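We did not get these values from a lab; they are worked out from the coordinates using the rules stated. Predicted model only: the values in this text are computed from it and were never measured. Counting neighbours? That spans all protein chains shown, and the Cβs are built from the backbone with ideal geometry, glycine included.
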């Protein structure tokens, strides 16, 4: 699962010209679900610990200021709100040609169930009324005021973080190591870039 998290002063979702959900200060979260994502990915994105890898979940990640100190408070700390929107285009592959390829995105029926589980988990971990949602599968107009701007990306399958100096964070998963090796092989020209999450095509998405 992938999530694009934005710190916002406000955000809203409209369908057919009507606002169906809105929040004041808090987080705008776009969520993409891949073909091989499971309940474990939901747990990784929402919980504090997954195995031995320490993660910063959506509700606890500190992107808000407090008493003049930056990166001090989470959305829970400020009693903020969260607006979640399903976004299959986050799984796009743009390495070939000019047209995005969405083979990595989970089919609509399956992803709808997993996304509903994600929302349910978020509401159990926080105040239910402060977790808002768009309309799954609909053509939505999303409006927001990004505060900062501050935008972060989270990926449940990538736990390798490279520092500015070129070093690697000690908390590196096997998936991260494999990805780094694949990238090295690609640069050497030994083989083309491999898809991390290969799978079937969403029948509702034109991938021709």
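Place the peptides 66-78, 31-43 in order of packing, highest mean first, counting for every residue the other Cβ atoms within 10 Å and averaging per peptide.
Packing proxy ranking, top to bottom: 31-43, 66-78.
Can you give the Rg to Rh ratio for the range 1-134, taking only C-alpha atoms and Rh from Kirkwood?
On the Cα set of the range 1-134, Rg over Rh gives 0.99.
Take the Cβ-Cβ distance between residue 98 and residue 77 as r, set R0 to 35 Å, and report the resulting FRET efficiency rounded to the nearest 0.05.
0.20
Give the percent of DSSP beta bridges with both residues in the range 2-156 that are antiparallel, rounded to the nearest 5.
75 percent
Run the simple label-point estimate for residue 109 and residue 139 please: 7 Å along Cα→C-beta, distance reported in nm.
A separation of 2.5 nm, rounded to one decimal place.
Rank these for me by crowding, 115, 126, going from fewest to most other beta carbons within 10 Å.
126, 115
What spacing in nm lies between the two simple spin-label points modelled at residue 65 and residue 15, each 7 Å away from Cα in the Cβ direction?
Label-label distance for residue 65 and residue 15, simple model: 3.7 nm.
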